[in-house]
Structures are given as structure tokens and as C-alpha cells.
Amino acid sequence: MHLRKWTIALLALLAVGCAVGPKYKRPVVRTDASFQNAGADGFAQNEIVVTWWQIFSDPQLTRLINEAASANYDLRIAAANLRQARALLLEARYDYYPTVTASGSYERQRFSKATVVGVDPDRDLFSSGFDATWELDLFGRVRRSVEARKAEVDAAKASQEDVLISVFAEVARNYFELRGAQDRLAVAQRNAQNQSDTYKLTVNLLNGGRGNELDTSRAKALLESTEASIPTLETSVEQIIYRLSVLTGRQPAALKSALLTVAPLPQLPAAIAIGNPADLLRRRPDVRIAERNLAAATARVGIATADLYPRITVVGSLGVAANQFPDMFRGGADTYTFGPHITWAAFDLGRVKARLKASEAQSDAEVANFERTVLGALEETDGALVAYSKELVRLAHLKAAEEASRKAADLARNRFETGGIGDFLTVLDAQSRTLEAQDQLSQSKARAATLLVAIFKALGGGWEQP
């Protein structure tokens, strides 16, 4: 009968319980209607695609990204962190319910003969039973703990998405840098061949009495300078292959045979969809991480606030005890205890208030971190957009410059070969400028592709919300 009264009383207390501390509200962020460079050529305002790398129509790139998705070590770490956060959330939710543990023991006791008269001072004690504790969440400490853990799970999930986006962008960036380095290497090798032919021409002219040693030396110097750049470019190619291999979870040289085969840089799309700043803040994992960290910090303020109030825990035990093992299964061996325990930091509230102030300060810091993350996301995106749009303009000029310099080099050599018209220095200068223009054009193509990757990364990778 007493147990029933206690149960009714506890349920009544739970019914009137409340969660102290601030109630979390998602921050409201005001943004512009569009990005600063959204009106430039090559940008569209509709939502970006999820699998953004497919716009390049490069099967090798798609294959590398798929392999990284399944084998990259950073992704495996992020997945493990998410599982850990979910396990901690599950643990916190168990605090809603009583904690029940089982125990059993045997003790051999000897009492002083001065205190025990007429009986055997040696005794055995057998016992077994169940112990239970249950915190009544009157002030929401448990609820706030679960709320904080749930926010941490959301942050861990966003962190996993952030790593995924970063890994995909890193794979694409290195892949384009590889193709750019291979193109620069091919440019250097072609020019070295042309310069070698020019050098041989000067040698033949010198041997035939029509040339001079100055022209031969100049041609030789230009050839050696070009050939000196080839080992550096070959080193870059192999190092990038090593990086791509590691990004896909393999040994550094694993992809060497597959990627040493030269392939052109993919064509850039005519237009890319970038959405608007509101879409950006919804997609960006780092913004979601900052917002979820703020939610967790707000919940921890509630946890600290709950420590200002008494904590009521119901404790109980049920078991059997006897001096002999068979007696444990007979009548009269049963034991139980049941009742509430109240703990309160009545004379230690200064320490509790200090922890509360620390929690509030942490929450303020998370507010500032969230606002900083939002501004950083907008800055990164606008910066990536302007860099890409300006690089497209630069690329157009470099294409015209490469075409003009190549035409000038052909004209200068033809004039020199056919009738000795013009100074040989003009031929060498034209060839040098051709090499420079072609090398810059190759670098610009690779840079434009990597800047486009930077845009997709800044836009949140096109991550589609569930």
C-alpha cells in the first residue's frame, strides 16, 4: 500500500516537472537576395546539382571520387565520430528510465567474542538481489542532457558531410592539377622538340658557312632551359598521382599506371547553377555545425541551471539474504528498501553559479562563432565566384595570346629559313614567347577548373538536404 502511494506521488511530481534554463531558438540570418557576382557570365541562379563532378563528363574523375567515397580514411574517421555521438545520445536517453543492477555476494564474518556471547562468532552471509536508482527529472537536467547530445549528433552528421565535400573537392582539384601538369609537360616537350630542330638548323648553317656561333649558342641555351623545366613538371605529375592514390585509400604509387596516361582537361560548363545566399546557408555543413554547437551550448546552460535546484533520486533494492545458501530460497529471506534521496548544493551554490556563468559564456561564444561562420561562408563563396569569373576573362586573353605568339614564331622561322630575312634573335624570342604563352594558357585552364571546384566546395558541394 505504501509503495502504491509512493508511485502516485512520484508520477505527480514528474507531471509538474519543467526544464529550466533558456529555450533554444534557431538564429535568424538575413542575407542578400543574390551573390555579388551572380550576374557574371557563366552563372545561373537555380539550385546547384548534387553530383556536381558529373558536369565535367570525365569517367576517370567520377571513378576516383567514387573510390574516395568508399575508402578515404578521413571519411572513415568522420563516420566513426558520428557513431560515437549516436551512442552517447543513446546513453543519455537511458537516464529517462530507472537504472537497475544485479548483485550477489558471499561473506565470511567473524565477530569479537567480547560482543558475541554464547554463539558462534564465525558466520556466513549469502545475499543476492537488484538495486535500482531513478532520478526524477523535475527541473529538466536529463532532458537538457539529451537535447545537448542530440545537437552533438546533428553536428557530427554535418561534420561527416563537410569531410565528404572536402574530400570530393580535393580529389577533383588534384585531378585537374594533374591534367594541367601533364599538359604543361606536353607543351614543354613539344617546344623542346621545336627548339631542338632550330638548334640543329643553326648547326647546319654554321657548318655550311652561312651561320655564326652566336646563333648556335643562343639556340642551345634556349633548348637547355626548356629541357631543364621538364624534370620539375614530371615530378609534379608523379606527386599529384601519389596524392590521388592516398585520397582513394591506396598506396602512393597504386594509381601510377592508370593516371600516367595523358588525358585532356575536361571542358568547362557553359553555365553553373549557384542558387542564392539563403540556399548556401542551408547547404553549408560548417554553418550547420556552428548552429548545432550553439544548440548544444544552450542546452548545457539548462543543465547548469538545473544544478541550482534539489535533485531527487528514488532508490530501492530487492533481494534475499541468509546465513546459509539453501535458506535464501525459503520464506523470511527477502529484503527490500525503497525511498527518495534528495541532494542539493545548498552550501555550495557559489560553485554551481560559477559553472552556470561559464556555460553562459560558452553559449555567447558559440553565438559569435555561428555569426562568424556565416560571414566566412558568404565571403568564401563571393571570393570563389569572382576568382572564377575573372579567370575566364584571363583565359580568353591567353588563348588569343597563344595563337598570336605561335603564328609569330612560325613566321619568324619561315622567314629565317627561306631567305635569311630577319635576325635569328627574333626567331628565338618568338619561340620563347610561344612557350611562355602556351604554358600560361595550360596553367590558366587548370586554374579555371580548380576554381570551379572551389565554387562547388564553397556552395556546400551541392549537398541535398533530406
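Worth pointing out:
- Sites D120 and N81, calculated FRET efficiency, Cβ-Cβ separation with R0 51 Å, nearest 0.05: 0.25
- In sequence order, segment 266-274 has phi-based couplings of x, 6, 6, x, 5, 8, 10, 8, 10 Hz under the Karplus curve 6.51 cos²θ - 1.76 cosθ + 1.60, θ = phi - 60°, and Gly or Pro positions carry x.
- Candidate values [x] 175; [y] 152; [z] 269 were compared with volume of the Cα convex hull per residue in Å³ computed on the shown model; the agreeing label is [z].
- Cα gyration tensor category, rounded, prolate or oblate, for segment 213-292 with a/c compared to 1.5: prolate
- Burial order of peptide ranges 198-210, 282-294, 237-249 (average beta-carbon count within 10 Å, highest first): 282-294, 237-249, 198-210
- Peptides 73-86, 325-338, 379-392, ordered by how many other C-beta atoms sit within 10 Å of their residues on average, highest first, read 379-392, 73-86, 325-338.
- Extended-chain gain in nm, criterion 0.36 nm per residue less alpha-carbon gap, K399 and D429: 8.9 nm
- Distance between segment 247-274 and segment 297-352 - C-alpha centres, whole angstrom: 62
- Counting only protein heavy atoms and a 1.4 Å probe, segment 338-464 has 55 square angstrom of accessible area per residue.
- Per-pair calculated FRET efficiency, R0 = 22 Å: Y106 and F130 via Cβ, rounded to 0.05: 0.80
- Between segment 366-427 and segment 198-226, the alpha-carbon center distance in angstrom: 32
- Computed helical MRE - 222 nm, the chain, DSSP H runs ≥ 4 contributing -39500 (n - 2.57), nearest 500: -22500 deg cm²/dmol
- Projected-area average for segment 173-320 over all orientations - Cα convex hull basis, square nanometres: 22.5
- Most to least packed among 295-302, 91-98 [average Cβ atoms within 10 Å]: 295-302, 91-98
- Among the listed pairs K150/K457; K25/K457; K399/K457; K25/K150, those beyond 19 Å (Cα-Cα): K150/K457; K25/K457; K399/K457
- Measuring max minus min along each principal axis, the C-alpha atoms of segment 324-426 give extents of 125, 47, 22 Å (largest first).
- Rounded to the nearest angstrom and listed largest first, the equivalent-ellipsoid semi-axes of segment 375-466 from its Cα gyration tensor are 43, 10, 8.
- With R₀ fixed at 51 Å, the C-beta to C-beta distance from F325 to L90 puts the FRET efficiency at about 0.85.
- Ignoring aspartates and glutamates fewer than eight residues from K445 along the same chain, the ones with Cα atoms less than 12 angstrom from its Cα are E177, D183, E391.
- Projecting label points 7 angstrom from Cα along Cα→Cβ for R282 and A253 puts them 5.0 nm apart.
- Estimated vicinal HN-Hα couplings, Hz - segment 77-84 in sequence order (Karplus 6.51, -1.76, 1.60; Gly, Pro = x): 5, 5, 5, 5, 5, 5, 4, 5
The values are calculated or read from the model by the stated rules, or taken from the named source; none is laboratory data. These numbers come from a predicted model, not from an experiment. Positions of Cβ are backbone-derived with ideal geometry, glycine not excepted, and every protein chain shown enters the neighbour counts. What goes into the accessible areas is simple: the full protein's heavy atoms, side chains included, and nothing from ligands, DNA or RNA. Shrake-Rupley method; radii C 1.70, N 1.55, O 1.52, S 1.80 Å.
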